[in-house]
Amino acid sequence: MAKYRKDLGRKMTPEEKKESRLKTIKLYSLTDRGKAAQKRSQESWYNRTIGAIYGVLGSKCIKCGFVDIRALQIDHINGDGAEHRKKNGNSNSYYSSILKSVIAGENKYQILCANCNFIKARENNEKRDIKWNKII
Ligand SMILES: [Zn+2]
């Protein structure tokens, strides 16, 4: 018993502290509050990243001037969006790589509305998740 009490009083090693902190975070992430916090954090990160991309590229379709953000899309100018998504998924790294490129001024992305983006893809016969001959 005395040994147990003595052990409680000792300071944790840095490794034990890290392990304890990770355990607490993991347990918290399993609670409803923790899950909600994770979701808010993810949404907040997504909104900030997308906002920054639109902030640099502009918030309207460069072809027709459409401005409703609900139908605006980030277009891969050289049509390699399918490959890019396949490589990264719709993950944080996907949007991070777009933001980095946009900030670096690499001119690989532009804002198009959904209609102009679809028409461009069709005209250039870009790879899409759908088969063109199924819709025409
Ligand atoms: Zn447009």
*asked:* Just to be sure I understand the filter: pairs with C-beta atoms under 8 Å, separated by 6 or more residues or on different chains, first member in region 100-124 and over 21 Å from Val67 (Cα atoms) and of a type in the set (Asp, Glu), second member within 13 Å of the ligand (Cβ to nearest atom) and part of a helix (DSSP H, G or I). Which pairs pass?
replied: none
*Taking Ile25, is it more than 16 Å from the ligand (Cβ to nearest atom) and either among the aliphatic types (A, V, I, L, M) or in contact with a Leu (Cβ under 7 Å, 6 or more places away or on another chain) (or both)?*
yes
*Only one of these conditions is not met by Ile53: (1) surrounded by 14 or more Cβ atoms within 10 Å (Cβ to Cβ); (2) more than 18 Å from the chain's Cα centre (by Cα); (3) of a type in the set (A, V, I, L, M, F, W, C). Which number is it?*
(2)
*When only residues in region 86-118 that are touching a strand residue (DSSP E or B) at 6+ places or on another chain (Cβ under 9 Å) and aliphatic (A, V, I, L, M) count, which is nearest to Ser44 (Cα to Cα)?*
Ile98
_Anything in region 68-81 that is surrounded by 13 or more Cβ atoms within 10 Å (Cβ to Cβ) and either of a type outside the set (Val, Ile, Thr) or near the ligand (Cβ under 10 Å from one of its atoms) (or both)? List them, or say none._
Ala71, Leu72, Gln73, Asp75, His76, Gly79, Asp80, Gly81
_Could you check region 100-126 and list, in sequence order, the residues that are exposed (fewer than 15 other Cβ atoms within 10 Å of the Cβ) and outside any helix (DSSP H, G or I)?_
Ala104, Gly105, Glu106, Asn107, Asn124, Asn125
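Taken together, the values in this text are just the output of simple stated rules run on the coordinates, not laboratory data. If you're wondering where the values come from, they're calculated on a predicted model, not measured in any experiment. Note that we place each Cβ from the backbone using ideal geometry, even for glycine, and neighbour counts take in every protein chain shown.
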